[in-house]
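The values are calculated or read from the model by the stated rules, or taken from the named source; none is laboratory data. Remember, predicted model here, so these are calculated numbers, not experimental data. When we count neighbours, we look across all protein chains shown, and the Cβ atoms used for this are built from the backbone with ideal geometry, even at glycine. In case anyone asks, the SASA skips ligands and DNA or RNA and just uses the protein heavy atoms, side chains included. Shrake-Rupley method; radii C 1.70, N 1.55, O 1.52, S 1.80 Å.
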Amino acid sequence: MKLAYWMYAGPAHIGTLRVASSFKNVHAIMHAPLGDDYFNVMRSMLERERDFTAASASIVDRHVLAHGSQERVVDNILRKDKEERPDLIILTPTCTSSILQEDLQNFVYRASIISDSNVIFADVDHYQVNEIQAADRTLEQVVRYYLDRLDRCYRQEKLDQFLTNAPSVNIIGIFTLGFHNQHDCRELRRLLRDLDIGINQIIPEGGSVEDLKNLPKAWFNIIPYREVGLMTAMYLNKEYGMPYISTAPMGAVDMAEWIRQIQKNVNTLTLSSSIKRVDYEHYIDGQTRFVSQAAWFSRSIDCQNLTGKETVVFGDATHAASITKILAREMGIRVSCSGTYCKHDAEWFKEQIQGFCDEILITDDHAEVGDMIAQMEPSAIFGTQMERHIGKRLDIPCGVISAPVHIQNFPLGYRPFLGYEGTNQIADLVYNSFALGMEDHLLDIFGGHDTKEVITKSLSTDTGLIWNPESRLELSKIPRFVREKVKINTEKLARQKGIETITVEVMYAAKEAFNS
């Protein structure tokens with residue numbers, strides 16, 4: 001557990017709540033003090049949900065601390081059972097309430113005896129794991145809970161007797177508040193439909209816990225993002241022998257590799273059936289040449305103008321690794337540094353980007369990332385919302401490629417990052433990040449961004465005002481992201497007062513007058 005005013009991954013209970021609220025008819029209860037129950041507001045705002053989030057709080061207050069939590073927690077579970085009639089209720093503490101060291105597992109056991117719903121306790125160490133790890137663990141725990149309830153003889157029989165007749169897959173790891181997850185899911189559906197691969201289940205988003213017993217019927221599993229779903233895939237592989245593909249289908253090269261892995265799994269499992277072997281090479285060629293404009297764009301003069309430009313990439317392991325490889329091998333852009341805040345997956349990340357960047361940074365400290373960017377002064381940044389803030393301070397354009405993100409990265413339009421349409425979206429993001437950076441410089445040359453008030457009746461940037469050496473020095477000390485505004489306000493006051501030479505005193509007067 002880490003306390004900071006900015007964290008790339010939130011506390012563990014947020015991960016549990018994201019998984020629980022993704023399933024249909026599952027209710028999550030937080031055992032938490034007031035202030036820890038902000039998840040509902042965050043989810044409804046970012047996902048623009050029309051319905052209330054199925055999550056509530058069993059509040060820890062002074063009365064609970066005095067008399068104990070057991071009665072209140074059990075009562076809240078039973079109340080939600082009667083009101084909502086969910087298939088499953090998940091109880092999770094927050095990092096704050098975990099300090100009380102209460103036996104919540106026993107509370108769940110007592111409630112489950114009386115409740116008509118299934119009730120489980122989220123078995124997550126809130127002191128050791130973050131939001132991403134907790135989400136991965138919670139999803140695996142829910143799947144294990146329902147599959148372990150099946151008769152053991154069912155699990156021990158040959159899996160091929162229970163497979164769907166035609167090739168099918170489970171997509172594991174699409175869930176609420178994920179970075180472009182809903183759009184990626186639509187693109188994966190389209191791709192699999194083109195390949196004549198059926199979709200058995202998509203979990204947790206939109207899935208039913210009562211249908212989890214049918215997961216082993218799929219031929220294999222697809223894990224689009226390593227952050228959530230990998231533990232579930234490994235469990236299904238161990239217990240049911242189900243293969244899984246964890247390659248992220250992001251970028252033209254990895255897209256081709258992803259489809260070839262699907263082809264390999266399908267052909268392996270068709271050996272004992274009457275289904276014909278498949279060959280997707282023609283499909284890969286057609287999609288790369290005619291659907292994905294990124295392959296053509298990478299050879300165009302526009303993209304070649306970016307060759308040798310230096311960038312910094314930072315984000316979760318899946319997106320940071322994929323974007324690094326796309327920039328380096330598909331667009332010829334130099335990646336000075338690539339990094340991730342997923343410290344638990346550092347070895348995989350280093351292995352993936354080895355040879356595609358100059359330096360590797362593994363950290364969850366945003367200040368360290370900011371210092372690195374300031375030292376390298378890249379032409380563009382591709383990172384999270386935090387790197388976008390850093391880029392604004394340093395006047396470096398930034399394309400957002402990973403969570404955590406702002407509401408602007410939950411677009412209403414269709415913007416996948418996966419699949420062949422995703423290659424187009426990424427190419428646009430990369431090019432526009434650089435192009436907008438050049439546009440900013442042109443705007444500075446022709447008078448800056450502030451067009452709310454015409455300062456002079458001429459388009460010339462020569463204002464006729466004189467800044468003395470002391471005022472110029474003082475102006476240079478002001479951060480770049482507010483310097484232009486200070487300059488405009490100071491010159492505006494000077495004209496109003498009929499002052500021809502701007503001094504430090506005039507700057508301070510302008511600050512007071514305009515509160516800037």
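Details
- Considering PRO224, PRO216, the condition of being open to solvent by less than 10 Å² (accessible area, probe 1.4 Å) and under 21 Å from the mean Cα position of the chain (by Cα) is satisfied by PRO224 alone.
- Of the set (1) open to solvent by 20 Å² or more (accessible area, probe 1.4 Å); (2) assigned to a loop (DSSP other than H, G, I, E, B); (3) under 24 Å from GLN304 (Cα atoms), all apply to GLN425 but (2).
- Failed item, numbered, when ALA166 is tested on (1) assigned to a loop (DSSP other than H, G, I, E, B); (2) open to solvent by 20 Å² or more (accessible area, probe 1.4 Å); (3) in contact (Cβ under 8 Å) with a residue 40 or more places away in the chain; (4) in contact with a helix residue (DSSP H, G or I) (Cβ under 8 Å, 6 or more places away or on another chain): (4)
- Among the residues of segment 403-418, none qualifies, meaning not one is in contact with a Pro (Cβ under 8 Å, 6 or more places away or on another chain) and either modelled with pLDDT under 85 or assigned to a helix (DSSP H, G or I) (or both).
- Against the test of being outside any helix (DSSP H, G or I), farther than 26 Å from HIS183 by Cβ and among the aliphatic types (A, V, I, L, M), the options ILE373, ILE396, ILE381 yield a single qualifying residue, ILE396.
- Condition check for ASN489: assigned by the TED database to the domain that holds HIS389 and at pLDDT 85 or above: no
- Some residue of segment 75-83 being surrounded by 13 or more Cβ atoms within 10 Å (Cβ to Cβ) and under 25 Å from GLU227 (Cα atoms): no
- Sub-7 Å Cβ pairs linking a first residue in segment 472-492 that is part of a loop (DSSP other than H, G, I, E, B) to a second residue that is surrounded by 13 or more Cβ atoms within 10 Å (Cβ to Cβ), at least 6 apart or interchain, are ILE478/VAL486; PRO479/ARG393, ordered by first then second residue.
- Whichever residue in segment 132-150 is in a helix (DSSP H, G or I) and among the aliphatic types (A, V, I, L, M) and, among such residues, is most open to solvent (accessible area, probe 1.4 Å): ILE132
- Selection over segment 350-405 of residues that are open to solvent by less than 20 Å² (accessible area, probe 1.4 Å) and of a type in the set (Gly, Ala, Ser) gives a count of 6.
- All positions within segment 317-340 that are open to solvent by less than 10 Å² (accessible area, probe 1.4 Å) and part of a loop (DSSP other than H, G, I, E, B): ILE333
- Within segment 173-196, the set of residues being out of contact with any Phe, Trp or Tyr (no Cβ under 8 Å at 6 or more places or on another chain) and among the aliphatic types (A, V, I, L, M) comprises ILE174, LEU177, LEU188, LEU192.
- Residue in segment 227-255 that is least open to solvent (accessible area, probe 1.4 Å), counting only those that are touching a strand residue (DSSP E or B) at 6+ places or on another chain (Cβ under 7 Å) and of a type in the set (S, T, N, Q): THR232
- Test: residue in segment 246-266 that is of a type in the set (Lys, Arg) and under 20 Å from PHE175 (Cβ atoms): no
- Selection within segment 226-255 - assigned to a loop (DSSP other than H, G, I, E, B) and either in contact with a Gly (Cβ under 9 Å, 6 or more places away or on another chain) or assigned by the TED database to the domain that holds HIS319 (or both): ARG226, GLU227, VAL228, GLY229, SER246, PRO249, MET250, GLY251
- Close pairs from segment 36-51: first in contact (Cβ under 8 Å) with a residue 60 or more places away in the chain and open to solvent by 70 Å² or more (accessible area, probe 1.4 Å), partner assigned to a helix (DSSP H, G or I) and of a type outside the set (A, V, I, L, M), Cβ under 6 Å, at least 6 apart: none
- Tally, over segment 475-516, of residues that are open to solvent by less than 30 Å² (accessible area, probe 1.4 Å) and among the polar types (S, T, N, Q): 2
- Picking from residues in segment 256-302 that are assigned to a loop (DSSP other than H, G, I, E, B) and among the small types (Gly, Ala, Ser), the one that is surrounded by the fewest Cβ atoms within 10 Å (Cβ to Cβ) is SER274.
- Residue under evaluation MET386, criteria (1) hydrophobic (A, V, I, L, M, F, W, C); (2) modelled with pLDDT under 95; (3) over 18 Å from the mean Cα position of the chain (by Cα), criterion not met: (3)
- The listed residue being closer than 27 Å to GLU227 by Cβ and at pLDDT 90 or above, out of TYR109, TYR127, TYR146: TYR146
- SER208 without any contact (Cβ under 8 Å) to a residue 40 or more places away in the chain, open to solvent by 10 Å² or more (accessible area, probe 1.4 Å) and hydroxyl-bearing (Ser, Thr, Tyr): no
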